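**Q** My questions all concern the structure below.
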Amino acid sequence: MTAIDPTAHLTAEQIEELGRELDAIRDEVIAGRGEKDAAYIRKVISAQRKLELVSRGVLLFSIFPPAWLLGTAGLSVAKIMDNMEIGHNILHGQWDWMRDPKIHSTTWEWDHVSPADQWKHSHNELHHTYTNVIGKDNDLGYGIMRVDEDQKWHPFHLGQPLWNFINACFFEYGIAAYDLELGKNLHKRRRNNPEFRARAKAVGRKIRKQVLKDYVIHPLLSGPSFLTTLAATFTANLVRNIWSHSVIMCGHFPEGVQVFERRSIKDETRGQWYLRQMMGSANISGSRAMHFMTGNLSHQIEHHLFPDLPSNRYAEVAVKVRALFEKYELEYVTGPLPKQVFSAWRKVFRLSLPNKKPEVKTPDRQQELVAA
């Protein structure tokens, strides 16, 4: 919520015209989906499974340093591919049009402690609907960080750089926690809610499954390499968690990305929804390999505009979307990964401190920000 609205120069008619132009881009991609796209995702899934199998096989001999390094690197990449380009995008329904029951948002389960159905609710239904709306979007600050100068500062926020680092290291568990909305559901009355208890048990079962696979069965199969395989698997999960956390942070937290009040989305039109996605997201520039390893979430702006379009089409869509930013005189926030990571972390540190100047408060405004 910046003091100067970067969209103030747009009229209501221009915003709706922008929406129609974005609809046309989406319709064009949908009409052009075909076998080439289907072959792409099948090839990626096949490559990921082969890489994971080979890497786990190499780690059976992880007592030898070269095998440990090679196997850990391969398993790290395989886990990133599973979560980013494959799992995240399949669960968005990007490939449902293929009508392949094995590659469908209703049947896919991923290498992650958060059950797919719970993640789809918190991410697809909440985050993508209420992108960067304080108090509505749990992805914004993950419920543990101050994300805007207008939010009331508490001493707790001094620790948010540390909380954010811990969250990055164990990101999949952090996601599972806020999928469960633990912050509001740990109160005794809500904790006993049958629906919450059922969801918590589902998370517990998924965690046990993941721990059994990564930290029991695979190390045991390694025999004398038990401890080194255990360390390798932990390292691969750590790399995957930090990488995915970094990509997500770069998509919504760098300087220049806007956040919004809950009252700002009342009676929101489709054009206004599109505009909020454009102003509430940021991209990462880089090579094709960079885009692939981010699950094409380096095109975060395009992903938020069109979350159900195939990820391999975002690069071509980005050219047209950026042209619209220029046409309507809007800032297209993008930059290389190091720049975006630095920008996001600088914001984390800056907002961990109290404002340098007194906050201007109104009763309604303050009540909303405290609730957030």
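The values are calculated or read from the model by the stated rules, or taken from the named source; none is laboratory data. Owing to the predicted nature of the structure, the values given are computational and were not obtained by experimental measurement. Every residue, glycine as well, gets a Cβ built from its backbone with ideal geometry; the counts of neighbours run over all protein chains shown. What goes into the accessible areas is simple: the full protein's heavy atoms, side chains included, and nothing from ligands, DNA or RNA. Shrake-Rupley method; radii C 1.70, N 1.55, O 1.52, S 1.80 Å.
**Q** For Arg42, work out the one condition from (1) closer than 23 Å to Ser298 by Cβ; (2) within 14 Å of the chain's Cα centre (by Cα); (3) in a helix (DSSP H, G or I) it doesn't fulfil.
**A** Here Arg42 clears every test but (2).
**Q** Another question about this same structure. Could you check, for the stretch 72-94, whether at least one of its residues is at pLDDT 95 or above, surrounded by fewer than 19 Cβ atoms within 10 Å (Cβ to Cβ) and not hydrophobic (A, V, I, L, M, F, W, C)?
**A** Yes, the stretch 72-94 contains at least one residue that is at pLDDT 95 or above, surrounded by fewer than 19 Cβ atoms within 10 Å (Cβ to Cβ) and not hydrophobic (A, V, I, L, M, F, W, C).
**Q** Before we move on, is Leu238 modelled with pLDDT of 95 or more and either within 26 Å of Met145 (Cβ to Cβ) or more than 23 Å from the chain's Cα centre (by Cα) (or both)? Spell out the reasoning first.
**A** Values: modelled with pLDDT of 95 or more: yes; either within 26 Å of Met145 (Cβ to Cβ) or more than 23 Å from the chain's Cα centre (by Cα) (or both): yes.
Judged against the criteria, Leu238 is a match.
**Q** Same structure again: Mind telling me which of the residues Val348, Val333 ends up being outside any helix (DSSP H, G or I) and within 18 Å of the chain's Cα centre (by Cα)?
**A** On the way: Val348 fails: outside any helix (DSSP H, G or I).
Only one candidate qualifies: Val333.
**Q** Tell me yes or no: at least one residue of the stretch 77-94 is outside any helix (DSSP H, G or I) and touching a strand residue (DSSP E or B) at 6+ places or on another chain (Cβ under 7 Å). First the steps, then the outcome.
**A** Going through the stretch 77-94, the residues outside any helix (DSSP H, G or I) turn out to be 92-94.
If we keep only those that are touching a strand residue (DSSP E or B) at 6+ places or on another chain (Cβ under 7 Å) too, we end up with none.
So far as the stretch 77-94 goes, no, none of its residues is outside any helix (DSSP H, G or I) and touching a strand residue (DSSP E or B) at 6+ places or on another chain (Cβ under 7 Å).
**Q** Here's a follow-up. Would you mind telling me which numbered condition in (1) surrounded by fewer than 17 Cβ atoms within 10 Å (Cβ to Cβ); (2) over 22 Å from the mean Cα position of the chain (by Cα); (3) assigned to a loop (DSSP other than H, G, I, E, B) His104 fails?
**A** (2)
**Q** Can you list residue pairs whose Cβ atoms sit under 8 Å apart, with the first residue in the stretch 40-63 being open to solvent by less than 30 Å² (accessible area, probe 1.4 Å) and among the β-branched types (Val, Ile, Thr) and the second being at pLDDT 95 or above and assigned to a loop (DSSP other than H, G, I, E, B)? Count only pairs 6 or more apart in sequence or on different chains.
**A** Partner pairs satisfying both residue conditions: Ile41/Trp95; Ile41/Ile103; Ile41/Pro310; Ile45/Ile103.
**Q** Condition (residue is assigned to a loop (DSSP other than H, G, I, E, B) and either of a type in the set (S, T, N, Q) or open to solvent by less than 50 Å² (accessible area, probe 1.4 Å) (or both)) applied to the stretch 12-33: is it met by at least one residue? It would help to see each step written out before you state the result.
**A** From the stretch 12-33, those assigned to a loop (DSSP other than H, G, I, E, B) are 33; that's our starting set.
Next, from what is left, pick out any that are either of a type in the set (S, T, N, Q) or open to solvent by less than 50 Å² (accessible area, probe 1.4 Å) (or both): none.
Within the stretch 12-33 (the criterion being assigned to a loop (DSSP other than H, G, I, E, B) and either of a type in the set (S, T, N, Q) or open to solvent by less than 50 Å² (accessible area, probe 1.4 Å) (or both)), the answer is no, since none of the residues qualifies.
**Q** Another one. Contact list please: Cβ distance under 8 Å, first residue in the stretch 99-115 and in contact (Cβ under 8 Å) with a residue 60 or more places away in the chain, second residue part of a loop (DSSP other than H, G, I, E, B) and open to solvent by 10 Å² or more (accessible area, probe 1.4 Å), pairs at least six apart or on different chains.
**A** Pro115/Glu109
**Q** Quick test of your reading of the structure: His127 fulfils all but one of (1) surrounded by 19 or more Cβ atoms within 10 Å (Cβ to Cβ); (2) at pLDDT 95 or above; (3) not aliphatic (A, V, I, L, M). Name the failing condition by number.
**A** All conditions pass for His127, except number (2).
**Q** For the stretch 140-244, please list each of the helices (runs of 4 or more DSSP H) lying entirely inside it that holds at least 3 residues being out of contact with any Asp or Glu (no Cβ under 6 Å at 6 or more places or on another chain), within 30 Å of Glu255 (Cα to Cα) and in contact (Cβ under 8 Å) with a residue 12 or more places away in the chain. Break it down stepwise before answering.
**A** Working: elements: 160-169, 171-179, 182-185, 188-191, 194-212, 218-221.
Counting at least 3 such residues, we get 160-169, 171-179.
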